[in-house]
Amino acid sequence: MWASAGREGHLVSSRTPSTLETRAPTKAQRRGPPALAFGSFGSPAGKCGGDSQAIFLLLLLKEKWVLSRMQQSAAGDRSTAVPSLYPSQASLTADSYYTYRVIEDPEWSLATVPHLTELCLQHIVHNFEKNPILDCLLPEHQRKVLDRLSTGLPLAVTANLISDEDYWKRCCTERWQACDISNYGDSWKQMFFERHLENILKCFIPNTTDPNQVLELIPLCKDYVRKLEVDQFLPPVQMDQKEESDDLSNTGSDFEFGEVSIHHYDLGVLITALPHLEELHLTYGVKDCGMNFEWNLFNFTHQDCCNLAVAVKMCHNLKVFKLTQSKVDDDKTRLLVRNLLDHPCLVELNLSHNLIRDKGAQAVGKLINHSRLQTLDLCNNQIHHLGAQALARALAENSTLTSLNLRLNCVEDKGGEAIGRALLTNTTLKSIHLGSNNLSEPTAMLFSQVLAQNTSLTSINFSCNHLGLDGGKQLLEGLADNKALTEFNLRLAEVGQETEYLIHQIVWANREAARLGSLQHPSAKPI
């Protein structure tokens with residue numbers, strides 16, 4: 001706002017800037033302030049001994065007069081039309097006394113001006129990467145800043161500063177289409193860092209990718225990563241392959257390629273630096289290789305196994321270890337088991353879909369009684385009766401294992417009977433899967449005794465075997481007084497439809513009894 005003075009030097013008006021006008025002074029303006037009246041002094045100030053008092057009164061009256069004129073001028077401004085923006089030269093020469101006045105803009109509003117707080121928050125958001133300010137803000141201001149922050153900020157800035165779940169939810173949903181936090185402890189931040197780290201490992205090319213991509217991420221994510229699922233490990237880029245490699249790659253053998261220079265990323269530095277890592281799921285192979293398929297892309301080398309075994313041994317909080325579809329043979333199994341013996345926390349081991357034979361199974365049998373294993377999965381390997389007998393010996397003495405999966409092996413009746421005899425004394429195993437193991441009537445006869453005596457087994461799977469009609473009848477007899485078994489899979493076991501139906505009825509009755517019992521005793525753990 002601004003104002004101009006008249007010829008006598010009096011302030012005329014002050015308004016919000018929008019337009020200007022000129023107007024000639026009125027008679028009252030020409031007269032100036034009212035004459036000074038001495039009042040009680042009775043005489044000029046100099047004669048009454050009060051020069052200073054007279055001057056004070058004079059200034060006071062003059063100030064009141066100026067304020068009065070300003071109010072009158074302001075009242076006249078609201079009804080004064082504005083013919084032009086600037087006074088013409090003719091009007092200026094006609095009368096040298098003109099007043100320049102401002103007219104209010106009727107559309108102007110204070111609401112259009114941002115609050116100082118809002119301007120400060122905008123500045124904080126705009127400069128957050130260089131100067132992250134969050135903790136010292138009020139809660140409502142923190143909320144506004146977090147809602148406006150970009151999800152592309154460097155993790156070095158946001159990782160240890162921002163704990164707000166809504167911000168990390170935006171980071172996840174903008175990056176991945178499928179986001180189910182139930183698999184990540186119901187934490188968006190945990191999900192982001194686990195999947196981000198997994199993506200880096202899946203795309204890591206030894207001798208090509210900068211290792212600092214992983215090393216620099218470790219201090220940022222170590223407090224939030226509890227599970228890693230890496231289903232791809234890329235081998236180094238082969239610059240000078242042998243000429244005969246194309247011919248050898250078509251044979252599919254495990255031993256044609258030398259293991260020199262095809263080792264994968266060593267997880268040792270990473271795993272040992274993650275203090276909260278509890279689950280590790282690995283598959284050494286290449287996804288979506290297309291026309292670039294070669295057998296050596298799926299090699300889990302001896303050096304890879306050595307590095308992994310040492311790393312797992314040092315990961316003291318690891319509870320679940322899964323190494324699947326990685327061509328793990330007997331030698332690699334024994335190497336892994338040697339480093340897992342007496343592990344303080346490991347409760348689940350999954351070595352399914354590998355190349356484990358009897359010697360590898362014997363090593364795993366030793367691990368059963370030198371660990372706290374509760375779940376063991378050896379599905380789809382090459383275990384025969386010798387390996388099954390070694391597992392059975394361990395099972396007879398074990399008191400921790402609750403689930404054993406030997407599906408898609410070839411234990412046959414010698415192995416099946418050995419496992420059955422172990423279950424006559426074992427009191428902790430609850431689930432056993434022996435599907436597709438070339439079992440027949442002798443195994444069924446022995447398991448009929450197991451069903452009659454064992455009270456801990458709740459699930460048995462004999463699917464895709466050749467138990468026969470007599471074997472089915474033996475199982476039905478053993479199951480007559482069993483009240484614990486709630487799952488019994490005899491699909492494609494050749495036991496006959498009638499027998500299978502009767503067995504199903506008994507199992508269904510057991511399951512209903514267990515369900516009703518859990519309703520009556522909610523605190524009891526359901527079967």
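The values are calculated or read from the model by the stated rules, or taken from the named source; none is laboratory data. These numbers were taken from a predicted model, which means no experiment stands behind them. Every residue, glycine among them, receives a Cβ derived from its backbone with ideal geometry; neighbour counts consider all protein chains shown. Calculation scope for accessible area: heavy atoms of the full protein, side chains included, ligands and nucleic acids excluded. Shrake-Rupley method; radii C 1.70, N 1.55, O 1.52, S 1.80 Å.
Can you compute the FRET efficiency between Lys414 and Glu487 using 1/(1 + (r/R0)^6), with r the Cβ-Cβ distance and R0 = 41 Å? Round to the nearest 0.05. Calculated transfer efficiency: 0.95. Using the Cβ-Cβ distance between Ser463 and Ala513 with R0 = 22 Å, the FRET efficiency computed as 1/(1 + (r/R0)^6) comes to roughly 0.35. What length, rounded to one decimal in nm, is gained on full extension from Thr209 through to Ser109, with 0.36 nm per residue of separation minus their alpha-carbon distance? Net length gain for the segment: 30.2 nm. Think of each Lys and Arg Cβ as +1 and each Asp and Glu Cβ as -1; about the Cα centre, that makes the dipole of the range 138-231 roughly 140 debye. Computed extension gain for Glu174 through Cys289, at 0.36 nm per residue and net of the alpha carbon distance, reaches 38.7 nm.
Which entries in Lys169/Lys222; Lys366/Lys414; Lys202/Lys222; Lys366/Lys483; Lys287/Lys327; Lys130/Lys227 show an alpha-carbon gap greater than 24 Å? Don't jump to the answer; show the numbers that get you there.
Values: Lys169/Lys222 19 Å; Lys366/Lys414 20 Å; Lys202/Lys222 18 Å; Lys366/Lys483 32 Å; Lys287/Lys327 15 Å; Lys130/Lys227 32 Å.
Over 24 Å Cα-Cα: Lys366/Lys483; Lys130/Lys227.
Based on the Cβ-Cβ distance of Ile200 and Val157, what FRET efficiency does E = 1/(1 + (r/R0)^6) give at R0 = 25 Å, to the nearest 0.05?
Plugging the Cβ-Cβ distance into 1/(1 + (r/R0)^6) gives 0.85.
A full extension of the chain between Leu502 and Ser187 corresponds to an added length of 108.7 nm, given 0.36 nm per residue minus the alpha carbon distance. Heavy-atom accessible surface of Thr208, to the nearest 10 Å², is about 90 Å², with a 1.4 Å probe and all protein chains retained.
Take each of the peptides 139-147, 472-480, 158-166, average the number of other beta-carbon atoms within 10 Å over its residues, and list them starting from the highest.
Working: 139-147: 14.0, 472-480: 19.9, 158-166: 16.7.
Going from most to least packed, we get 472-480, 158-166, 139-147.
Across the range 314-434, Cα pairs under 8 Å and at least six residues apart give a relative contact order of 23 percent.
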